[in-house]
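Enquirer: Quick one: the structure is below, and I'll ask about it shortly.
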């Protein structure tokens with residue numbers, strides 16, 4: 001029935017689905033499809049889709065609306081709770097990275113934040129900072145040693 005809604009309401013076109021529709025499908029798959037690799041982190045951990053959304057893209061779309069930009073994706077405010085209107089928003093990848101359970105917190109002088117926040121605050125590439133810290137560099141060196149390009 002969701003496909004009929006999408007075609008009738010312009011949310012899917014022949015051979016092309018909208019990113020909102022694809023987000024709804026992916027959300028459901030993560031929570032319901034035990035054959036997906038990432039199911040263990042969602043459905044396998046008890047993350048559910050609310051009754052309002054589970055079988056209705058229309059309800060999902062009415063609650064979430066259009067993504068602000070193509071770079072936004074579906075995020076849960078509380079990663080331990082399921083997908084529902086109260087617990088979801090459209091967020092940029094940088095916002096989502098700050099909310100990950102496995103985030104590494106950086107503390108330096110008066111600063112305390114995630115690696116993404118530290119990279120931004122100290123004007124260094126997140127990927128350079130992460131690589132340096134993973135190689136065992138001190139926080140001081142990782143943040144302030146000049147980057148050498150080959």
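Enquirer: Tell me, which helices (runs of 4 or more DSSP H) wholly within the range 41-150 include 1 or more residues that are in contact with a strand residue (DSSP E or B) (Cβ under 9 Å, 6 or more places away or on another chain), surrounded by fewer than 13 Cβ atoms within 10 Å (Cβ to Cβ) and modelled with pLDDT of 90 or more?
Expert: It comes to 139-144.
Enquirer: May I pose another question? Within the range 14-40, can you find the residues that are farther than 19 Å from residue 89 by Cα and assigned to a loop (DSSP other than H, G, I, E, B)?
Expert: Listed by number, the residues that qualify are 14, 15, 33, 34, 35, 36.
The values are calculated or read from the model by the stated rules, or taken from the named source; none is laboratory data. Computed from a predicted model, the values in this text were never measured in an experiment. Note that we place each Cβ from the backbone using ideal geometry, even for glycine, and neighbour counts take in every protein chain shown.
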